[in-house]
Amino acid sequence: MSLDLFRINDPARFRVTVEIRYADLDPNEHVNHARYLIYLEEARLAYRRLLDRELGLPAQVTWPIAELTISYLRSAAYPGSLTVELAPTHVGRTSFTLGYGIFDRDGCVAVASNRSVCVDRDSGQSVPIPANVAARLALSL
């Protein structure tokens, strides 16, 4: 799946702003590549909290990440902030995929995607995404 659409800001996407901390820098004085995982996590968890407020997510399932990819387009620098935008790109029977664009004031610095699987907490087995969650995710496709 191409993430080219996520290289451009889209106000229709869910978004969060994260501050770049000095501790996020590597010896080259730009944001360390591993810190982007934290920025994606902050956006994903904020989106999950939104879904929980809107739908009341079922407590018996969890949504672990099965796959995650990041393409770094250029460096982000301190001081500053980043806007992380996300939107569903695929909704399957037991899993869904989110696409991300990460932006600073000059444009896109990275794009990413992750696939999460709906898993029963007790059995540890994948289960179908609840119908109301799948329908809500599909609204943004």
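The values are calculated or read from the model by the stated rules, or taken from the named source; none is laboratory data. If you're wondering where the values come from, they're calculated on a predicted model, not measured in any experiment. Here Cβ is always computed from backbone atoms with ideal geometry, including for glycine, and neighbour counts include all displayed protein chains. With ligands, DNA and RNA removed, areas are computed over all heavy atoms of the protein, side chains included. Shrake-Rupley method; radii C 1.70, N 1.55, O 1.52, S 1.80 Å.
Residues in the range 86-126 that are without any contact (Cβ under 8 Å) to a residue 60 or more places away in the chain, farther than 18 Å from V31 by Cα and open to solvent by 40 Å² or more (accessible area, probe 1.4 Å): R93, R115, S123, G124, Q125, S126.
Screening I129 with (1) surrounded by fewer than 18 Cβ atoms within 10 Å (Cβ to Cβ); (2) touching a helix residue (DSSP H, G or I) at 6+ places or on another chain (Cβ under 8 Å); (3) not in a strand (DSSP E or B) gives one miss only, at (1). Please verify whether the range 31-54 includes one or more residues that are exposed (fewer than 12 other Cβ atoms within 10 Å of the Cβ) and in a strand (DSSP E or B). Checked the range 31-54: no residue is exposed (fewer than 12 other Cβ atoms within 10 Å of the Cβ) and in a strand (DSSP E or B).
Just one residue in the set T83, T62 is of a type in the set (S, T, N, Q), out of contact with any helix residue (DSSP H, G or I) (no Cβ under 6 Å at 6 or more places or on another chain) and surrounded by 16 or more Cβ atoms within 10 Å (Cβ to Cβ); that residue is T83.
Go through the residues of the range 35-51 one by one and say whether even a single one is closer than 26 Å to D122 by Cα, in contact with a helix residue (DSSP H, G or I) (Cβ under 6 Å, 6 or more places away or on another chain) and touching a residue at least 60 places away in the same chain (Cβ under 8 Å). No, the range 35-51 contains no residue that is closer than 26 Å to D122 by Cα, in contact with a helix residue (DSSP H, G or I) (Cβ under 6 Å, 6 or more places away or on another chain) and touching a residue at least 60 places away in the same chain (Cβ under 8 Å).
Listed here are the residues, each with its yes/no results for (1) over 14 Å from the mean Cα position of the chain (by Cα); (2) of a type in the set (K, R).
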site	(1), (2)
R44	no, yes
D52	yes, no
W63	no, no
T69	no, no
A77	yes, no
L82	no, no
R105	yes, yes
V119	yes, no
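For the range 1-30, the tally of residues that are open to solvent by 50 Å² or more (accessible area, probe 1.4 Å), touching a helix residue (DSSP H, G or I) at 6+ places or on another chain (Cβ under 9 Å) and free of Cβ contacts under 8 Å to residues at least 12 places away in the same chain stands at 1.
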